[in-house]
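Notes follow the structure.
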Amino acid sequence: MTELQVSKSILAKLLAAENITVSHQATKTAYFDLKTRTLVCPVWKDMDGDLYDLLMGHEVGHALETPSEGWHNALETKDGSKVDVKFKSFLNVIEDARIEKKVKRRFPGLAKSFAAAYKQLFESNFFGVKNIDINKLNLIDRINLKFKLGAHIHVPFNDFEREIIKEVDNAETWEQVEDIARRVYAYVKEKEQDKIQTQTDLQKQQNLEK
């Protein structure tokens, strides 16, 4: 590992306040395995300290705040069957907003790094939203952009959706996250079936049109 990777790995363990395992791998993004307590950080070209702080700080937020059992139970129905796989992405977006707010509150120094790193990701079009009509994205994708890139991009919402945004912004508990995610999922399923369902789908469509 590079010196920067070593120092940021140590920092992640200190912030998480437990001896989590930190692994650097050739993955598309960072993630935290709630069961094995492993933080996986991607190895991208020219990663600087701000980007490492965003990726590791975000995953440390999951380590500190996201309940393993709560996450597991939310993905099953009362009879034990699995819910629609798409619901997982809804849950993840709302939980991301909550844990980033709380980790920045706990460690105020991360806020500056988060802002700088999200600016980098926006300018590199990591989210695939440059030169597109944001209205073509459904509510959960627009919520994701609002809470990650709000300072860099205008995200449109109607009156009903703005009330949801307030709820997401004020969410403090996992139970609130789950409740909001279920209502947003139902709204998208009922009202926005005609819209592109994910940013990945939109990027694929753009590539086909080139």
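The values are calculated or read from the model by the stated rules, or taken from the named source; none is laboratory data. All of these numbers come straight from a predicted model, not from anything done at the bench. Here Cβ is always computed from backbone atoms with ideal geometry, including for glycine, and neighbour counts include all displayed protein chains. Accessible surface is based on the protein model in full, side chains and every heavy atom, while ligands, DNA and RNA are left aside. Shrake-Rupley method; radii C 1.70, N 1.55, O 1.52, S 1.80 Å.
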>> Given a 1.4 angstrom probe, I'd like the percentage of the accessible area of the chain that is carbon and sulfur, rounded to a whole number.
In response: 52 percent
> Which of the aspartates and glutamates could a cross-linker bridge to K189, judged by Cα under 14 Å and excluding same-chain residues fewer than eight apart?
Replying inline: D84, D141
> Lysine pairs, Cα distance under 20 Å, 8 or more residues apart or cross-chain: how many in region 118-182?
Replying inline: 9
> So how exposed is E123, as accessible area in Å² (1.4 Å probe, rounded to 10)?
Replying inline: 110 Å²
> For the chain, modelled as a Gaussian network with Cα springs under 10 Å, which listed residue fluctuates most, S89, S124, S68?
Replying inline: S124
>> Could you check the spin-label model distance between K88 and I132? Points 7 Å from the Cα along Cα→Cβ, value in nm.
In response: 2.1 nm
> Which far-off residues, 5 or more places away or on another chain, put their amide H under 5 Å from the one on S23, with H placed in the peptide plane?
Replying inline: L39, V40, C41
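Among DSSP beta bridges lying fully in the chain, give the percent that are antiparallel, nearest 5. Could the numbers behind the result be given before it?
Values: 4 of 10 bridges.
Percentage antiparallel, nearest 5: 40.
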> Just from the alpha-carbon atoms, what are the Rg and Dmax of region 84-169 in angstroms?
Replying inline: 13.3, 38
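Taking 8 Å as the Cα distance limit and 6 or more residues as the minimum spacing, I'd like the relative contact order of region 1-122 as a percentage. Walk me through the numbers on the way to the answer.
Working: 124 pairs, mean separation 28.5, N = 122.
It comes to 23 percent, rounded to a whole number.
Considering only the other residues whose Cβ falls under 12 Å of the Cβ of N158, what net charge follows from Lys and Arg at +1 and Asp and Glu at -1? Before the final figure, lay out the partial values.
Numbers: positive: R142, R162, K191; negative: D159, E161, E163, E192.
Neighbourhood net charge equals -1.
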>> If each DSSP helix of 4+ residues adds -39,500 (n - 2.57) and the sum is divided by the residues in the chain, what number results at 222 nm, nearest 500 deg cm²/dmol?
In response: -19000 deg cm²/dmol
>> Probe of 1.4 angstrom, ligands and nucleic acids ignored: what's the accessible area per residue over the chain, in square angstrom?
In response: 54 Å²
> Label I153 and K102 with points 7 Å out from Cα along Cα→Cβ: what is the distance between them in nm?
Replying inline: 2.6 nm
>> In the chain, if the dipole is taken from +1 on Lys/Arg beta carbons and -1 on Asp/Glu beta carbons about the Cα centre, which of H154, A74, A17 is farthest to the positive end?
In response: H154
>> If the elastic network links every pair of Cα atoms under 10 Å, which of F122, F160, F147 fluctuates the most in the Gaussian network model of the chain?
In response: F160
>> Let's see if you can work this out: charge +1 on each Lys and Arg Cβ, -1 on each Asp and Glu Cβ, no other charges. What is the dipole magnitude of region 1-138 about its Cα centre, in debye to the nearest 20?
In response: 220 debye
